[in-house]
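Note sheet for the following structure.
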Amino acid sequence: MDHYKVLGVNRTATKDEIKEAFRKLAVQYHPDKHSQSPKTIRDSATLRFKQVSEAYEILSDDRKRADYNFSQRSSSSSYSYTYNPQGSTSQGFYGYGYGCYTASQNKKNYKYKASSSLLEVALRYFTTRAFLLNLTFAGALFGGLMMIDTSGEALWKRHNSGKSFEETMESLEKAKAHKDT
């Protein structure tokens, strides 16, 4: 199911255009408007209202919309929508972990659909805030260690002019060997 087609807007639609399209369709398919209609029409309108509501929920939120657009461009990601009139369950899987509405329970359920490629998973992991903060912290530690090591070498050269560390160690070993004999 393409959320843009459900709302009847193009992919470059603004938030205001999406909101206006949602309002028109929500009024048209609202379950209260079809409460006296035959069961098939009522079920069809309820399904369409849920689809319109789900499309609006995703396309009105910038982050969810970006994830949806990304998953639509990727051939390995999948999106499925199922409807069971007996159980009145509407399930939408898109991206990685946004909610689906369960009408019988009247609350949100969060699902995970693992259909992303390894590249997408790696990209999501390497762009998380926690990973980037840990990488920054590790970089600062490594930089500090390199600075301490460099300053240690500079101090050694200042106090032991003309000798390298290796030369000093060799002379100490010779002195120790000489002392032992």
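In segment 53-69, what residues are buried (at least 16 other Cβ atoms within 10 Å of the Cβ) and of a type in the set (Lys, Arg)?
Of everything in segment 53-69, those that are buried (at least 16 other Cβ atoms within 10 Å of the Cβ) and of a type in the set (Lys, Arg) turn out to be Lys64, Arg65.
Which of the residues that make up segment 20-43 are buried (at least 16 other Cβ atoms within 10 Å of the Cβ) and out of contact with any helix residue (DSSP H, G or I) (no Cβ under 7 Å at 6 or more places or on another chain)?
Selection gives Arg42, Asp43.
Taking the condition of being open to solvent by 30 Å² or more (accessible area, probe 1.4 Å), within 25 Å of the chain's Cα centre (by Cα) and of a type in the set (Gly, Ala, Ser), how many residues in segment 1-19 meet it?
The qualifying residues number 0.
The values are calculated or read from the model by the stated rules, or taken from the named source; none is laboratory data. Bear in mind the structure is a predicted one, so any value in this text is a computation, not a measurement. A quick note on method: Cβ atoms are made from the backbone with ideal geometry, for glycine too, and the neighbour counts reach across all protein chains shown. Each accessible area value is taken on the protein alone, full model and side chains, heavy atoms only, with ligands, DNA and RNA left out. Shrake-Rupley method; radii C 1.70, N 1.55, O 1.52, S 1.80 Å.
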